[in-house]
Amino acid sequence: MYFKQFLHDDLGCSSYFVASRQSRDAVVVDPAYDIQPYLDLARERGYRIRLVIDTHLHADHLSGNRKLAAATGAEICLHESADVVFPFRRLRDGEEINLGTLLLRTVHTPGHRPEEISIELVNPPRSPETSMVLSGDTLFVGDVGRPDFGGAEGARQEYRSLQRLLTLPDYVEVFPSHFEGFCGKGMCGRPSTTIGFERRFNPVLQLSEADFLQMAAEVPARPLNMSAILDTNRGAADYGWVRASHEHDPEVRRIGVEALAAWLAAHDAMIVDVREPSEYASARIPDAVLIPQAELATRLDEIPRDRELLLVCAGGTRSLRAAQFLHAVGYERVTNLDGGTNGWLDHQRSAAAPA
């Protein structure tokens, strides 16, 4: 077996290149949008990419599955329930794929997404037992995939899927699709782990089903541009430009909550609140317009390019990333509110308090 993990630091994601040294056939799992590293590796080592597998429809980054298939002639594989509008090989639970001397076993692990799968890797010349599992966004290092996208039923499915993975022996190595990011808030950052280590030390796996469901009810914010990314990964639209790099954009201006009143008085600004609707309903800065970060790329026609923009969220982190994205796609008059709505509320209370 040849096995290589690609770590995509800009996305907090991992992808995998697995090949049979005997047949020279290879599969790429959860490919990033930039497919050149896989093509370079295949050429340098003399492998033929036969299959491209996505463990699920990704909600926080664009998949390179169709680009890689077009470049290599590989077959795209997803779970049979995947809601996409392009042709693909429909994998069933328990289905086994032979890749030269290797065996890839499909395990349907719904919860994070309905079509989520994990892939057990078996290298029969070395052992008849599973030695590794590519766990997608089901099991992470120190955490599990967020199960809230599917509501209460998604959380119940996630719990059962995790229990199924825990039937694997302790020695089985676990390689997830994320090592940081929105899909699990407690990930430790290591790129891999083992079933045994997670069974013993992963705090989420210590929860009862009832406690797990209660935890899942605490819904975190949806990822930046999730709607556009999902539509693109489904093949229903093409928002390929959302991959524009915007991390640590030095051009985005920032102000603190104590300067907000004076700044608004000096600028004819549109205040864009990128929080979730429930957050916006509970408290907001006057005249702020709700455009959740998950919907930002699909609602750009509501955001003027010839006006000052002030991006706000709860504390200033989500809005900074949203502001950086807007700047990267051509909005030049963008400012972020450091401290966010919560900081503004605290400042208002302090100002109103008697001396």
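The numbers here are math on the coordinates, done by the rules we state, and not lab data. Just so we're clear, the structure is a prediction, and the values are computed from it rather than from any experiment. Positions of Cβ are generated from backbone atoms using ideal geometry, with glycine treated the same way; all protein chains shown enter the neighbour counts.
Modelled spin labels at Arg164 and Leu103, positioned 7 Å past Cα toward Cβ, are 1.8 nm from each other.
Remark on Cys77: its backbone amide H falls under 5 Å from those of Val52, Ile53, Asp54, Arg89, a criterion applied only to residues 5 or more positions apart or on other chains, H modelled at 1.01 Å from N.
Counted over all Cα-Cα pairs of the range 112-237, pairs farther apart than 23 Å make up 32 percent.
Computed from backbone phi, the HN-Hα couplings of the range 120-130 come to 7, 10, 10, 10, x, x, 9, 7, x, 9, 4 Hz, rounded to whole numbers (Karplus: 6.51 cos²θ - 1.76 cosθ + 1.60, θ = phi - 60°; Gly and Pro given as x). Averaging Cα coordinates gives a centre for the range 223-242 and one for the range 148-211; these two points are 26 Å apart. Lys and Arg at +1, Asp and Glu at -1: add these up for the other residues within a Cβ distance under 14 Å of Ile255 and post the number. For residues surrounding Ile255, the net value is 0. Once the Cβ-Cβ distance of Asp287 and Ser23 is raised to the sixth power relative to R0 = 56 Å, the FRET efficiency obtained is 0.30. The relative contact order of the chain, computed from alpha carbon pairs under 8 Å that lie at least 6 residues apart in sequence, is 12 percent.
So what's the net charge close to Leu213: Lys and Arg +1, Asp and Glu -1, counting the other residues with Cβ under 10 Å from its Cβ? The partial results should precede the final answer.
Values: positive: Arg156; negative: Glu158, Glu209, Asp211.
Combined, the nearby Lys, Arg, Asp and Glu give -2.
Between Asp10 and Glu258, the simple label model (points 7 Å from Cα in the Cβ direction) yields a spacing of 3.7 nm.
With the convex hull drawn over the C-alpha atoms of the range 272-317, the volume per residue is 82 Å³. Charges were assigned to the Cβ only: +1 to each Lys and Arg, -1 to each Asp and Glu. The resulting dipole of the chain about its Cα centre is roughly 860 debye. Under Stokes-Einstein, with the Kirkwood radius over Cα pairs as Rh, the value for the range 244-352 at 37 °C and 0.692 mPa s is 239 µm²/s. The distance linking the range 251-286 with the range 297-355 is 5 Å (Cα centroid to Cα centroid, whole angstrom). Peptide packing for 294-305, 103-114, 69-80 was compared via the average number of neighbouring C-beta atoms within 10 Å per residue; ordered from the highest value, the list is 103-114, 69-80, 294-305.
Could you give the length gained on full extension between Ser208 and Ser350, defined as 0.36 nm per residue of separation minus the Cα-Cα distance, in nm?
Going from the current span to full extension adds 46.9 nm.
Count Lys and Arg as plus one, Asp and Glu as minus one, and take only other residues whose Cβ is under 15 Å from that of Arg126; the net charge is then -2. Computed over the alpha-carbon atoms, the range 187-242 gives an Rg to Rh ratio of 1.15, Rh here being the Kirkwood radius from the mean inverse distance. Distance between the 7 Å Cα→Cβ label points at Glu129 and Met215: 2.7 nm.
If you fit an axis through the alpha-carbon atoms of helix 340-352 and take the longest principal axis of the Cα set of the chain, what angle between them do you get, 0 to 90°, nearest 10? Roughly 30 degrees between the two axes. Given the options Gly150, Gly12, Thr101, identify the residue whose Cα lies farthest towards the positive end of the charge dipole of the range 2-216 (+1 on Cβ of Lys, Arg; -1 on Cβ of Asp, Glu). Of the options given, the answer is Thr101.
Measuring max minus min along each principal axis, the C-alpha atoms of the range 2-216 give extents of 49, 38, 31 Å (largest first).
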